[in-house]
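Worksheet for the structure shown next.
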C-alpha cells in the first residue's frame, strides 16, 4: 500500500527531497511514518526511546564545563546531545562540524579506531563498538588502549 502511494506522488522515484522537513509536511513523510507505525517491529520500545535521555543525563551530571570527544563517524545522538545541552560550540559551515567537540577520525586507514596519539584529552569520550555506520568492532587491545587513555 505505501509503495503504491509513494509511486503516485513520486512517479520518477526520486523522494530524497521529499523527506526534508517543510511546511506543510510532504505526503511522503506521512506515508512512511504511518507505514512504520503499522509495521510490528517499529513500535516504541523503552530501550530505544530512552538512550538519548541517558546521554544527556550523563552530560548534566558532569557539569557544563566539559570537553567532548566523539568517533567520526558515529551515532549522531552524541553530537546532538552536546549541542542541545550547550557543550558544543558554533556550527562551522566549512568543516560541517561543531566547535568544542573533538572528532576522532575512525577510517579504514586507522582500522576504524581513533589515533589516540593525536586526540586531545577530553572529559567525555563517546565510543561505540561495534560502531554504526561501519559495523566495525574494536579489539580487546584497542579497548584497553582507550580505557588507559581515558
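Consider the range 86-126 and keep the residues that are without any contact (Cβ under 8 Å) to a residue 40 or more places away in the chain and in contact with a helix residue (DSSP H, G or I) (Cβ under 7 Å, 6 or more places away or on another chain). The one that is surrounded by the fewest Cβ atoms within 10 Å (Cβ to Cβ) is 116. For the range 58-83, taking the residues that are more than 11 Å from the chain's Cα centre (by Cα) and assigned to a loop (DSSP other than H, G, I, E, B), the one that is surrounded by the fewest Cβ atoms within 10 Å (Cβ to Cβ) is identified as 65.
In the set (1) loosely packed, with under 12 Cβ neighbours inside 10 Å; (2) part of a loop (DSSP other than H, G, I, E, B); (3) at pLDDT below 90, residue 53 fails one condition alone, (2).
When the range 127-138 is examined, which residues are found to be surrounded by 10 or more Cβ atoms within 10 Å (Cβ to Cβ) and without any contact (Cβ under 8 Å) to a residue 40 or more places away in the chain? Selection gives 129, 130, 136, 137, 138. Criterion first (under 14 Å from the mean Cα position of the chain (by Cα) and either within 28 Å of residue 138 (Cβ to Cβ) or at pLDDT 90 or above (or both)) does residue 48 satisfy it? So residue 48 fits the description; yes. Checked against the criteria, residue 138 does not count as touching a strand residue (DSSP E or B) at 6+ places or on another chain (Cβ under 8 Å), in a loop (DSSP other than H, G, I, E, B) and either at pLDDT 85 or above or not assigned by TED's automatic domain parsing to the domain that holds residue 8 (or both).
The values are calculated or read from the model by the stated rules, or taken from the named source; none is laboratory data. Given the structure is predicted, the values throughout are model-derived calculations rather than measurements. Neighbour counts run over all protein chains shown; Cβ positions are idealised from the backbone, glycine included.
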